[in-house]
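The values are calculated or read from the model by the stated rules, or taken from the named source; none is laboratory data. Quantities reported herein were computed from a predicted structural model and do not represent experimental measurements. Positions of Cβ are generated from backbone atoms using ideal geometry, with glycine treated the same way; all protein chains shown enter the neighbour counts. These accessible areas exclude ligands, DNA and RNA; they are computed on the full protein's heavy atoms, side chains included. Shrake-Rupley method; radii C 1.70, N 1.55, O 1.52, S 1.80 Å.
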Amino acid sequence: GQSNLKSPQDIQVYVVNTNFTLRWNYTGNDTNVTFSAEYRFEDFETNETEWKELPGCQNVTRTECDFSSAVTEYYDTHHVRVRAERREEVSPWSSIFEMIPFFIAEIGPPGIELQSTNGVIKIKVSPPEANQVRKMWIAHLRFKYNVVIWENSSNAEFRSQSIFPTDTIDNLAPDTTYCLKVQATLPLDLKEGLFSPIHCVKTTRKAVNDLLCATNVSVLALNMKFHLHWNNQYKQHVSYNVQYLIGYLKKLHDDYSVKWLNVPGCENITDTQCNFSSVITATSGFYYVRVQAMSEYNRSCLSNDIKVDPLVTNEIGPPGVKVDISDVLLHIQIDPPGGSESELMREHYDLSYRVLYWKNSSNNEEEIKVKEIKQTIGTISDLTPSSLYCVKVQAFSDVYNKSSPFSEEECIKTPGDKTLPLIMLATFAVALIAVLLVATPLVFLLYQAYNKIKYVFFPSCQPPLNIEGFGGQVFSSLYLSTTEEQTENFSIIETIITEEVNQIDFKDYKHSKQSSRDSGNYSNDDDTSGSKASEEMLQKEIV
């Protein structure tokens, strides 16, 4: 049972699309040796793991074989082994090669068609496996294509760019032969395919620029409001249609030239601008826009296509800012860019806000401070009382590396320090209490002194009514100073005198007069003489 045949080595399987090739090395010097292979795969439905003859790889004389017809499950695990054979003699089996077809498969070259016209090259690419029934790559719409193009000369410079299945290659020199090759890729699967065979074509001369065509076509977008602008170089009457194409249609391998649509409101216009925001209904995809110019003679010309990726093309406008102040905090309320109509934009951009604030004073060295927030409401602390603070805000998106201009500056003054008024109020209260404590006894003393002086110099007591006016004397005049001019005194003596007047009354009167004289404060010579005359007259009347 022993054999002198050596086992094959370096077993490899190469897969391109659905084409499978088994290769190996054989180091023996034996002649008339053939090779046969077996395979097995894990069938989870039947649990079959038995080795079977590999179709296309039985009794082959070369060190490779094609077994494409044997594999139909591209995501199952397969095992392959090979041995050498000579008549009845066989070698031991080689080591087992394990594979999952999809993971080791390569993308085959795409098919291409070229057309040279008006100074450009029109190219049409067909996907790998385009004409095959069995396909390794089911989602052909996921393919992306790269073209490498160069002049067919000794000093060629290679240029690479991405293209759609149907596309145009421009910026070419006229009357020049260009060669190119195309590669299909699956970026999500990290797979790059094989290049197509090289194709060469000669360019033509470009026709003279048609003055009817719109030039300098550009898109200006702010806060998801999209405007298309262009220049008119035609001297006669011209009207325009703005057309758009949904981007994914260019990824199809069908002819999309008939799928352009007119933008509502931008049909048969004479202006050189148009608002096409109404057709931007999604932010995840992209669009193409162009301008069709039409003369009055039913002649038309199409401008170049402009790609619009909404979230990339759009620019973020400045936010609105409102500020308010409390005791110790500066409150900032931010109105997002675009207002309430741009909520979709804000959600996709995941906007943040950069707040710049500073104390506005004559000192130019005041530091500008920065605070970044996610919400549309923010607060700033550590403020200086009675100071003017200014704020401006910028919106930005880290995801798209975009930022808006800064908003207008908003300034507000912080309230004064309330500690000083409290101190002043407390000081006033203490001083008032101290004044009251000192002033109350003083006022009391002054009041007592005033009463004493008034009692002494201005007594409140009055003489009896029967004495007041007796003998015509006005007793209130007793307090007049001696320097007052003397006036003649008159008195009216009632004629009716009752018999009850007695000596006691007279004596009392004399006693009262004597007391008045003894005081020495109110008497003078004239008064004394007058009193005596009145006394004598009274005595006579009594008698």
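Before moving on, here are some points about what is shown:
- Filter result for Asp327 (out of contact with any His (no Cβ under 8 Å at 6 or more places or on another chain), of a type in the set (Asp, Glu) and over 29 Å from Asn231 (Cβ atoms)): yes
- Of all residues in the range 20-36 being more than 60 Å from the chain's Cα centre (by Cα) and among the hydroxyl-bearing types (Ser, Thr, Tyr), the one that is most open to solvent (accessible area, probe 1.4 Å): Thr31
- Among (1) more than 48 Å from the chain's Cα centre (by Cα); (2) closer than 22 Å to Ala173 by Cβ; (3) free of Cβ contacts under 8 Å to residues at least 12 places away in the same chain - the single one Asn131 does not satisfy: (2)
- Residue within the range 98-115 that is open to solvent by less than 40 Å² (accessible area, probe 1.4 Å) and closer than 30 Å to Asp210 by Cβ present: yes
- Residue count, the range 320-359 (criterion: closer than 14 Å to Leu388 by Cα, polar (S, T, N, Q) and surrounded by 15 or more Cβ atoms within 10 Å (Cβ to Cβ)): 0
- Which listed residue, of Tyr244, Tyr240, Tyr248, Tyr234, is of a type in the set (Phe, Trp, Tyr) and in a loop (DSSP other than H, G, I, E, B): Tyr234
- Among residues of the range 287-304, those that are under 25 Å from Leu211 (Cβ atoms), buried (at least 17 other Cβ atoms within 10 Å of the Cβ) and of a type in the set (Phe, Trp, Tyr), counted: 1
- For the range 311-336, a residue qualifies if it is within 12 Å of Val393 (Cβ to Cβ), assigned to a strand (DSSP E or B) and under 13 Å from the mean Cα position of the chain (by Cα), and the qualifying residues are Gly320, Val321, Ile332, Gln333, Ile334, Asp335.
- Beta carbons closer than 8 Å, at least 6 apart along the sequence or on distinct chains, pair a first residue in the range 179-193 that is more than 16 Å from Pro128 (Cα to Cα) with a second that is open to solvent by 60 Å² or more (accessible area, probe 1.4 Å) and of a type outside the set (Lys, Arg) for Cys179/Glu151; Cys179/Asn152; Cys179/Ile198; Cys179/His199; Cys179/Cys200; Leu180/Ile198; Leu180/His199; Leu180/Cys200.
- Of all residues in the range 64-108, exactly one satisfies the criterion of being touching a Phe, Trp or Tyr at 6+ places or on another chain (Cβ under 6 Å), touching a residue at least 60 places away in the same chain (Cβ under 8 Å) and assigned to a loop (DSSP other than H, G, I, E, B), namely Tyr74.
- Residue in the range 140-152 that is touching a residue at least 40 places away in the same chain (Cβ under 8 Å), farther than 14 Å from His253 by Cα, open to solvent by less than 80 Å² (accessible area, probe 1.4 Å) and outside the structural domain of Glu73 (by the TED database) present: yes
- Among the candidates Lys402, Lys307, the residue that is surrounded by fewer than 17 Cβ atoms within 10 Å (Cβ to Cβ), within 30 Å of Thr215 (Cα to Cα), touching a residue at least 60 places away in the same chain (Cβ under 8 Å) and more than 20 Å from the chain's Cα centre (by Cα) is uniquely Lys307.
- Ser69 passes every criterion in (1) out of contact with any strand residue (DSSP E or B) (no Cβ under 6 Å at 6 or more places or on another chain); (2) closer than 30 Å to Ser162 by Cβ apart from (2).
- Condition broken by Gly119, with the remaining ones in (1) at pLDDT below 90; (2) surrounded by fewer than 16 Cβ atoms within 10 Å (Cβ to Cβ) satisfied: (2)
- Residue within the range 370-381 that is within 15 Å of the chain's Cα centre (by Cα), at pLDDT 85 or above, of a type in the set (D, E, K, R) and over 27 Å from Lys225 (Cα atoms) present: yes
- Count of the range 196-214 residues, restricted to those that are crowded, with 16+ Cβ neighbours inside 10 Å and either within 46 Å of the chain's Cα centre (by Cα) or within 30 Å of Glu315 (Cα to Cα) (or both), is 3.
- Qualifying residues in the range 416-439 (those that are open to solvent by less than 90 Å² (accessible area, probe 1.4 Å) and modelled with pLDDT of 80 or more) - the one farthest from Ser387 (Cα to Cα): Ala439
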